Amino acid sequence: MHWIFWPIASYLLGGVPFGLLLAKLKGVDIRTQGSGNTGATNVARTCGLPLGLTALAFDLLKGLVPVYIATGMSDHWLFLSLSTLAPILGHVYSPFLGFRGGKAVATTIGAFLGLAFLPTLVCVVICIVGIFASGYVSMGSLLFGAALPVAMLVSGRMELAPVALVVTLLLYWRHRENIARLARGQENPWRRKVT
Ligand code: G3P
């Protein structure tokens, strides 16, 4: 029973658009500002760093909490993979936003920290280094995505490599406009308001 119930509950939790809701507290519709993304980067860009970090924490927790609980329900790799994918898909294809949503970096970080803490932590470090080295959150996010399946393989968590690879492909798909802007040298820095 929990094989069906828990991924559905995790998907619904992942669908709660915390960035959008937090920005609304400041009277900002995040979908029409900055990059238009509902994630923490765009909240920081348009509403300031404190609210951006708050959105980051909520988006991270909505991945971490359901996956952490799932690890106590079963250690079957398929159940854990489905329970990891569910909040990420909820964030990207939110049932509360007409199946639209964000780019899922924070929720992916949270979900994989709950699933495989140390390998994911290494990927987070790579992400942070990438952000500060390039000046772009998207560059850090892309490096994080590239590192994730490799980290699962190298750390011996082979059974988690498939879900990590699926999430990486999803992250790259959701960042396709960022990739094009990075290639043109026109990516939005997180600080600046863009139109
Ligand atoms: O987590 C999303 C980040 O990688 C890019 O966000 O708003 O610059 O498209 P944004």
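Read-outs throughout are calculated quantities, based only on the coordinates presented, and are distinct from any laboratory measurement. Note that the structure is predicted; figures quoted are calculated from it, not measured. Neighbour counts are summed over all protein chains in view; Cβ atoms, including those assigned to glycine, are modelled from backbone coordinates with ideal geometry.
Taking segment 147-195 as the region of interest, how many residues are closer than 20 Å to T108 by Cα, hydrophobic (A, V, I, L, M, F, W, C) and within 12 Å of the ligand (Cβ to nearest atom)? Walk me through it before giving the result.
If we filter segment 147-195 for residues that are closer than 20 Å to T108 by Cα, which is where we start, we get 147-179, 190.
When the remaining residues are screened for being hydrophobic (A, V, I, L, M, F, W, C), the result is 147-148, 150-154, 158, 160-161, 163-167, 169-171, 173, 179, 190.
Now restrict to residues that are within 12 Å of the ligand (Cβ to nearest atom): 171, 179, 190.
Final tally of qualifying residues: 3.
Can you name every residue in segment 32-74 that is over 24 Å from R176 (Cα atoms), polar (S, T, N, Q) and either under 11 Å from the mean Cα position of the chain (by Cα) or surrounded by 18 or more Cβ atoms within 10 Å (Cβ to Cβ) (or both)?
Scanning segment 32-74 gives a single hit, T54.
What number of residues in segment 3-45 are under 21 Å from Y68 (Cβ atoms), of a type outside the set (F, W, Y), in contact (Cβ under 8 Å) with a residue 24 or more places away in the chain and away from the ligand (no atom under 13 Å from the Cβ)?
Number satisfying all stated conditions: 9.
Residues of segment 148-195 being of a type in the set (S, T, N, Q) and farther than 23 Å from T32 by Cβ, which ones? Break it down stepwise before answering.
Filtering segment 148-195 down to residues of a type in the set (S, T, N, Q) leaves 155, 168, 178, 186, 188, 195.
Result: S155, T168.
Only one residue in F99, F58, F112 is without any contact (Cβ under 8 Å) to a residue 60 or more places away in the chain, under 19 Å from T38 (Cβ atoms) and away from the ligand (no atom under 14 Å from the Cβ). Which one? If you could, list the steps in order and put the result at the bottom.
Values: F58 fails: away from the ligand (no atom under 14 Å from the Cβ); F112 fails: under 19 Å from T38 (Cβ atoms).
Every option except F99 fails the conditions.
Identify all residues within segment 89-118 that are touching a helix residue (DSSP H, G or I) at 6+ places or on another chain (Cβ under 6 Å) and of a type in the set (S, T, N, Q); write none if there are none.
Hits for segment 89-118 are T107, T108.
Out of V166, V154, report the one residue that is under 19 Å from G63 (Cβ atoms) and of a type in the set (V, I, T). Write out each step before concluding.
On the way: V154 fails: under 19 Å from G63 (Cβ atoms).
Step by step, each of V166, V154 is checked, and only V166 is under 19 Å from G63 (Cβ atoms) and of a type in the set (V, I, T).
Give the residue, chosen from F132, F144, that is in a helix (DSSP H, G or I), over 28 Å from D29 (Cβ atoms) and within 15 Å of the ligand (Cβ to nearest atom).
Values: F144 fails: over 28 Å from D29 (Cβ atoms).
On inspection, the qualifying residue turns out to be F132.
Six or more apart or on different chains, Cβ atoms under 8 Å: show the pairs whose first residue is in segment 162-176 and assigned to a helix (DSSP H, G or I) and whose second is hydroxyl-bearing (S, T, Y) and crowded, with 19+ Cβ neighbours inside 10 Å.
These pairs meet every condition: P162/S81; V163/S81; V163/T84; V167/T84; V167/T108; L171/T108; L171/S141.
Looking only at segment 152-168, decide whether some residue is more than 18 Å from P87 (Cα to Cα), over 14 Å from the mean Cα position of the chain (by Cα) and buried (at least 23 other Cβ atoms within 10 Å of the Cβ).
Looking only at segment 152-168, we keep the residues that are more than 18 Å from P87 (Cα to Cα), and these are 152-159.
Next cut, over 14 Å from the mean Cα position of the chain (by Cα) only: 152-159.
Those still in the list that are buried (at least 23 other Cβ atoms within 10 Å of the Cβ) too: 152.
Taking every residue of segment 152-168 in turn, at least one turns out to be more than 18 Å from P87 (Cα to Cα), over 14 Å from the mean Cα position of the chain (by Cα) and buried (at least 23 other Cβ atoms within 10 Å of the Cβ).
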